[in-house]
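Below is one structure, written out as structure tokens; the observations come after it.
The values are calculated or read from the model by the stated rules, or taken from the named source; none is laboratory data. Just so we're clear, the structure is a prediction, and the values are computed from it rather than from any experiment. Positions of Cβ are generated from backbone atoms using ideal geometry, with glycine treated the same way; all protein chains shown enter the neighbour counts. Note: accessible area is taken over every heavy atom of the protein model, side chains too, but ligands, DNA and RNA are not part of it. Shrake-Rupley method; radii C 1.70, N 1.55, O 1.52, S 1.80 Å.
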Amino acid sequence: MRKMLLAVSAIALLGACAPKAAETEPTAPDEAVEAATPAEIHESLMVFDSHLDTPANLSKPDFDIMADNPTEIGSVQVDVPKMDRGGLDGGFWVIFTPQGPLTEEAYDAAFKAASARQDEILKMVADHPDAFELAYTADDAERIAASGKKVVLQSIENSYPLMLDASNLKTFYDKGVRMVGLIHFRDNQFGGSATDFTSPDDTGLTDLGKELVREANRLGMVVDGSHSSDASVKDMIELSTTPVILTHTGLKSVYDHPRNITDDFLKEIAAQGGVIQINAYSGYLEELEDSPKRRAALEELQSEFEGVNPFTADDETKARYMERMQAINAEFPPPRSTFEKFMEHMLRALELVGPDHVGMGADWDGGGGVTGMEDVSFLPKVTERLLEEGYTEEDLAKIWGGNLMRVLRQAEAAKETTE
Ligand SMILES: [Zn+2]
């Protein structure tokens, strides 16, 4: 805030000295600035998150997107009342599919699972037309946010369900997907993952992965490099005709984890117009250790379900696994990072590449959330903190959504030129 107040004092001073300016009403700028509290500034901005894992909750019988559900860090953090309180206008709602075996049978099951997830997103919007609207373009997103409804853009996290055919992307595009993340925890048919330690670090995109990037460009979709190995992201940057985004990622210079990126790499991504959206996933923010009891419980669970394929397992087995996992989380909660540590990643990124290349993708409902920022209702704290650091309202508009919309518009423009 200090920067803005100083600027206003300078204007007031000029007004006092210059006869012409003195004739105008000198109190207006002062009042305008003093009236806007951080909360009001936050409320006035278009606030988007680039990675909402909330669709994973839509089929749960005890979850209601319209209700103020009890917050569970990492799994229940987004619903309409919380979005209202946190000033969150929406963003990219994720079709996530966990990585499974690269077999025909498993591909088929993954495709069905991803299609079902997309249908759940579409159903959420159809069931609550006064609260939500689907966005297919950046123009849509801005119009919907201005109307007061929640913006539902769709993205894919892990392209594993697309099987061995890049043209399957169009099936999801036709129903509204506008961003595609190629890879998740493990290497897949499209390329190398940041966290697959069974393969060399320099595993980049496969030929099929390169084809998928070209297909995304052709359709006018944003390419997301989160979870991909640096080598894969480098391939994406080289190939993609539009800037690459990292929808939920952090910085190695704050915490050296394979899911985070180096300062130099961030600068490289920013130099080609790309954006990093800062993650709030505790395990990627700082070194945290499970308590011995939690570790023991997780090991026991793992050995009990050894060899179980999540796609071909029957419903009873899946439900039993989830129940056990929830019980472990309740009894021995995972260690949490903090709001300040999250801000450290964000401020470092801003210091390195500036407000044109940084945003927020906290991994809500996908493991994100920290002590002091447990769900989306806490988002105004980020605005308050950034204002304290001297970032302007204009900077905040870019960070909260402007950058994301710019990248989406660039993807849309590339579609027009290639068709
Ligand atoms: Zn993720």
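Listed here are the residues, each with its yes/no results for (1) assigned by TED's automatic domain parsing to the domain that holds A114; (2) within 19 Å of the chain's Cα centre (by Cα); (3) under 30 Å from I328 (Cα atoms).
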{"site": "K234", "(1), (2), (3)": "yes, no, no"}
{"site": "T247", "(1), (2), (3)": "yes, yes, yes"}
{"site": "L266", "(1), (2), (3)": "yes, yes, no"}
{"site": "A270", "(1), (2), (3)": "yes, yes, no"}
{"site": "I276", "(1), (2), (3)": "yes, yes, no"}
{"site": "K293", "(1), (2), (3)": "no, no, yes"}
Please state which of the following conditions S226 fails to meet, knowing it meets all the rest: (1) of a type in the set (S, T, Y); (2) touching a residue at least 40 places away in the same chain (Cβ under 8 Å); (3) more than 16 Å from the ligand (Cβ to nearest atom).
-> (3)
Scan of the range 191-217 for residues that are crowded, with 23+ Cβ neighbours inside 10 Å and either away from the ligand (no atom under 16 Å from the Cβ) or in a loop (DSSP other than H, G, I, E, B) (or both), ordered by number | G192, A194, L205, G209, L212, V213, A216
Return yes when V177 is touching a Pro at 6+ places or on another chain (Cβ under 9 Å), open to solvent by less than 20 Å² (accessible area, probe 1.4 Å) and of a type outside the set (S, T, N, Q) and no when it is not.
-> no
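Could you tell me whether the range 300-307 includes any residue that is open to solvent by 70 Å² or more (accessible area, probe 1.4 Å) and of a type in the set (F, W, Y)? Give the derivation first.
Filtering the range 300-307 down to residues open to solvent by 70 Å² or more (accessible area, probe 1.4 Å) leaves 300, 302-304, 306-307.
Imposing the further condition that a residue be of a type in the set (F, W, Y) reduces the set to none.
Within the range 300-307, none of the residues are open to solvent by 70 Å² or more (accessible area, probe 1.4 Å) and of a type in the set (F, W, Y).
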Unmet criterion (only one of (1) open to solvent by less than 30 Å² (accessible area, probe 1.4 Å); (2) within 16 Å of the ligand (Cβ to nearest atom); (3) assigned to a loop (DSSP other than H, G, I, E, B)) for P98 = (1)
Does G220 fit the bill of being buried (at least 24 other Cβ atoms within 10 Å of the Cβ), assigned by TED's automatic domain parsing to the domain that holds K341 and more than 16 Å from the ligand (Cβ to nearest atom)?
-> no
Filtering the range 147-168 down to residues that are open to solvent by 20 Å² or more (accessible area, probe 1.4 Å) and either touching a residue at least 60 places away in the same chain (Cβ under 8 Å) or assigned to a loop (DSSP other than H, G, I, E, B) (or both), which residue is farthest from S115 (Cα to Cα)?
-> G148
Answer yes if at least one residue in the range 81-98 is over 23 Å from G361 (Cβ atoms), in contact with a strand residue (DSSP E or B) (Cβ under 8 Å, 6 or more places away or on another chain) and among the hydrophobic types (A, V, I, L, M, F, W, C), and no otherwise.
-> no
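Rundown of residues vs (1) part of a helix (DSSP H, G or I); (2) within 25 Å of the chain's Cα centre (by Cα); (3) at pLDDT 90 or above, yes/no style:
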| residue | (1), (2), (3) |
| --- | --- |
| L13 | yes, no, no |
| V33 | yes, no, no |
| M46 | no, yes, yes |
| I65 | no, yes, yes |
| V78 | no, yes, yes |
| M83 | yes, yes, yes |
| G91 | no, yes, yes |
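Going by what's in this entry, would R186 be described as under 25 Å from D108 (Cα atoms), within 16 Å of the ligand (Cβ to nearest atom), open to solvent by 20 Å² or more (accessible area, probe 1.4 Å) and in contact (Cβ under 8 Å) with a residue 40 or more places away in the chain?
yes
Can you confirm whether the range 327-344 contains a residue that is under 17 Å from the mean Cα position of the chain (by Cα), under 24 Å from F48 (Cβ atoms), buried (at least 17 other Cβ atoms within 10 Å of the Cβ) and within 16 Å of the ligand (Cβ to nearest atom)? Even if it seems obvious, please write down each step before you answer.
Residues of the range 327-344 that are under 17 Å from the mean Cα position of the chain (by Cα), as a first pass: 339, 342-343.
Within this subset, residues satisfying the condition of being under 24 Å from F48 (Cβ atoms) are 339, 342-343.
Those still in the list that are buried (at least 17 other Cβ atoms within 10 Å of the Cβ) too: 339, 342-343.
Checking which are within 16 Å of the ligand (Cβ to nearest atom) leaves us with 342.
Yes, some residue in the range 327-344 is under 17 Å from the mean Cα position of the chain (by Cα), under 24 Å from F48 (Cβ atoms), buried (at least 17 other Cβ atoms within 10 Å of the Cβ) and within 16 Å of the ligand (Cβ to nearest atom).
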Which of the residues that make up the range 252-291 are over 30 Å from E211 (Cβ atoms), away from the ligand (no atom under 16 Å from the Cβ) and either touching a Lys or Arg at 6+ places or on another chain (Cβ under 7 Å) or open to solvent by less than 10 Å² (accessible area, probe 1.4 Å) (or both)?
-> S253, V254, E286
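Could you say which residue among A131, A114, A106, A126 is farther than 18 Å from D365 by Cα, open to solvent by less than 10 Å² (accessible area, probe 1.4 Å) and not aromatic (F, W, Y)?
Values: A131 fails: open to solvent by less than 10 Å² (accessible area, probe 1.4 Å); A114 fails: farther than 18 Å from D365 by Cα; A126 fails: open to solvent by less than 10 Å² (accessible area, probe 1.4 Å).
The conditions single out A106.
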What number of residues within the range 373-405 satisfy the criterion of being open to solvent by 20 Å² or more (accessible area, probe 1.4 Å) and within 25 Å of Y281 (Cβ to Cβ)?
-> 13
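Of G372, G367, G359, which residue is within 16 Å of the ligand (Cβ to nearest atom), closer than 16 Å to V78 by Cα and in the same structural domain as R259 (by TED's automatic domain parsing)? Steps first, please.
On the way: G372 fails: within 16 Å of the ligand (Cβ to nearest atom); G359 fails: closer than 16 Å to V78 by Cα.
Being within 16 Å of the ligand (Cβ to nearest atom), closer than 16 Å to V78 by Cα and in the same structural domain as R259 (by TED's automatic domain parsing) holds for just one of G372, G367, G359, which is G367.
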For the range 334-372, enumerate the residues that are of a type in the set (G, A, S) and either over 20 Å from F92 (Cα atoms) or not in a loop (DSSP other than H, G, I, E, B) (or both).
-> S337, A349, G354, G359, G368, G372
In the range 74-95, residues that are open to solvent by 20 Å² or more (accessible area, probe 1.4 Å) and either away from the ligand (no atom under 16 Å from the Cβ) or farther than 27 Å from E133 by Cβ (or both) total 4
